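**Student:** Take this structure, written in structure tokens, and hold onto it; I'll ask about it next.
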Amino acid sequence: MIRRLALTLAMILAANPVLALSCMRPDAVRMLEYARDSDAIYYVIKGRITPVGTYNMPSSEHGKDSAADTPVQISGLGLGTVSFSVPVDIGATVRLTCLAVWCASPPADGELLMIVEETGDELTLEIGPCGGTAIPWDRASEERLLQCHLSDNCVPGDF
């Protein structure tokens, strides 16, 4: 009986589009903590993304999750021991994903803070409908990220 009630409640909640997508605002400190605490290898970069051609857009047909990859060039500075000081000019892939009917948009044009995942020989920047691993750069976000990196005093932004 309890199992049926739980299943019914889960189905009701999943059917409500307002509840289906609950996003936290992307934040530089949370991205750094995610990269630091992951088993994957990430590079933290402050820079710009230039698509090779135009962005491939994912499709949200029939409510299925999907993704679309676009080759890009990332240029800027990688996070070194104390600051963004390591020159970066690398090829990577931006993966735009959908969650049901909500799909990601390409990253903002301009300077970004980003974490790029290394998987084998591939470098990937994943962006979903709730944000992802790239946010527009601003001085306050960079300062909080560096404070977290240097002192482990990790304070997410005020929202």
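The values are calculated or read from the model by the stated rules, or taken from the named source; none is laboratory data. All values derive from a computational prediction rather than experimental measurement. As a convention, Cβ positions derive from the backbone with ideal geometry for all residues, glycine included, and neighbour counts pool all protein chains shown. Ligands, DNA and RNA are excluded from the accessible area calculation, which covers all protein heavy atoms including side chains. Shrake-Rupley method; radii C 1.70, N 1.55, O 1.52, S 1.80 Å.
**Student:** Under 8 Å between Cβ atoms, which residue pairs at least 6 apart in sequence (or on different chains) link something in region 67-81 that is under 21 Å from Val29 (Cα atoms) with a partner that is among the hydroxyl-bearing types (Ser, Thr, Tyr) and surrounded by 13 or more Cβ atoms within 10 Å (Cβ to Cβ)?
**Tutor:** The qualifying pairs are Gly78/Tyr43; Leu79/Tyr43.
**Student:** Within region 62-85, which residues are farther than 18 Å from Leu113 by Cβ and either aliphatic (A, V, I, L, M) or outside any strand (DSSP E or B) (or both)?
**Tutor:** Selection gives His62, Gly63, Lys64, Asp65, Ser66, Ala67, Ala68.
**Student:** Looking only at region 22-66, count how many residues are open to solvent by less than 30 Å² (accessible area, probe 1.4 Å) and touching a Phe, Trp or Tyr at 6+ places or on another chain (Cβ under 7 Å).
**Tutor:** Going through region 22-66 one residue at a time, the tally reaches 1.
**Student:** Still on this model: Please specify each residue of region 85-135 satisfying the condition of being modelled with pLDDT of 95 or more, open to solvent by 20 Å² or more (accessible area, probe 1.4 Å) and more than 21 Å from Thr54 (Cα to Cα).
**Tutor:** Residues satisfying the conditions are Ser85, Val86, Pro87, Val88, Glu117, Glu118.
**Student:** What about Pro26, is it touching a residue at least 12 places away in the same chain (Cβ under 8 Å) and more than 23 Å from Leu145 (Cβ to Cβ)?
**Tutor:** No, not satisfied.
**Student:** Does at least one position in region 149-157 carry a residue that is open to solvent by 20 Å² or more (accessible area, probe 1.4 Å) and closer than 21 Å to Gly47 by Cβ?
**Tutor:** Yes, some residue in region 149-157 is open to solvent by 20 Å² or more (accessible area, probe 1.4 Å) and closer than 21 Å to Gly47 by Cβ.
**Student:** Let me ask you something else. What about Ala100, is it in contact with a helix residue (DSSP H, G or I) (Cβ under 9 Å, 6 or more places away or on another chain) and aliphatic (A, V, I, L, M)?
**Tutor:** Criteria met by Ala100.
**Student:** Another question, then. I'd like the full set of residues that are closer than 16 Å to Arg48 by Cα and surrounded by fewer than 20 Cβ atoms within 10 Å (Cβ to Cβ), limited to region 74-83.
**Tutor:** Hits for region 74-83 are Ser75, Leu77, Gly78.
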